[in-house]
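Reviewing the structure listed below.
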Amino acid sequence: MDTRDYKDSDVTLGAPVLGQLGRQPDWLQSDESPYCPSCGRAMDFAVQLEDDRETTGHPLFGSGCAYVFTCVRCAEAVFLSQC
Ligand SMILES: [Zn+2]
């Protein structure tokens, strides 16, 4: 997966989950950008998923956000969450 292939826009995945593809992560806490566990390089930000608690009333990520980073060279991905 190459984040440069995605359109730089906000995305709504149905009503309950919101987020963004590409751009920069909007960290709820401190920056936790990971390094690839295989090659050690900084990983590319791919997607951020956010809860829409007003619509669903069901927090999916502990009332926080989930972040996915990838390393295309090594076919590695990392999933993080903050709340
Ligand atoms: Zn790597």
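The values are calculated or read from the model by the stated rules, or taken from the named source; none is laboratory data. Remember, predicted model here, so these are calculated numbers, not experimental data. Reconstructed Cβ throughout: ideal geometry from the backbone, glycine too, with neighbour counts over all protein chains shown.
Has the range 17-25 got at least one residue that is within 16 Å of the ligand (Cβ to nearest atom) and at pLDDT 90 or above?
No: the range 17-25 contains no residue that is within 16 Å of the ligand (Cβ to nearest atom) and at pLDDT 90 or above.
What pairs come out if I take residues in the range 30-53 that are under 15 Å from Val68 (Cβ atoms) and pair them with residues that are assigned to a loop (DSSP other than H, G, I, E, B) and more than 10 Å from the ligand (Cβ to nearest atom) whose C-beta lies under 6 Å away, six or more apart or interchain?
Met43/Pro34; Phe45/Pro25; Gln48/Pro25
Which of the residues spanning the range 38-47 are in a strand (DSSP E or B), of a type outside the set (Phe, Trp, Tyr) and either within 16 Å of the ligand (Cβ to nearest atom) or in contact with a Cys (Cβ under 6 Å, 6 or more places away or on another chain) (or both)?
Within the range 38-47, Ala42, Asp44, Ala46 meet the criteria.
Looking at (1) at pLDDT 95 or above; (2) outside any loop (DSSP other than H, G, I, E, B), which one does Cys74 not meet, given that it meets all the others?
The failed condition is (2).
If you check Ser63, Ser30, which single one turns out to be modelled with pLDDT of 95 or more, of a type in the set (Ser, Thr, Tyr) and more than 16 Å from the ligand (Cβ to nearest atom)?
Step by step, each of Ser63, Ser30 is checked, and only Ser30 is modelled with pLDDT of 95 or more, of a type in the set (Ser, Thr, Tyr) and more than 16 Å from the ligand (Cβ to nearest atom).
Given the criterion modelled with pLDDT under 75 and in contact with a strand residue (DSSP E or B) (Cβ under 7 Å, 6 or more places away or on another chain), identify the matching residue among Val11, Val68.
Val11
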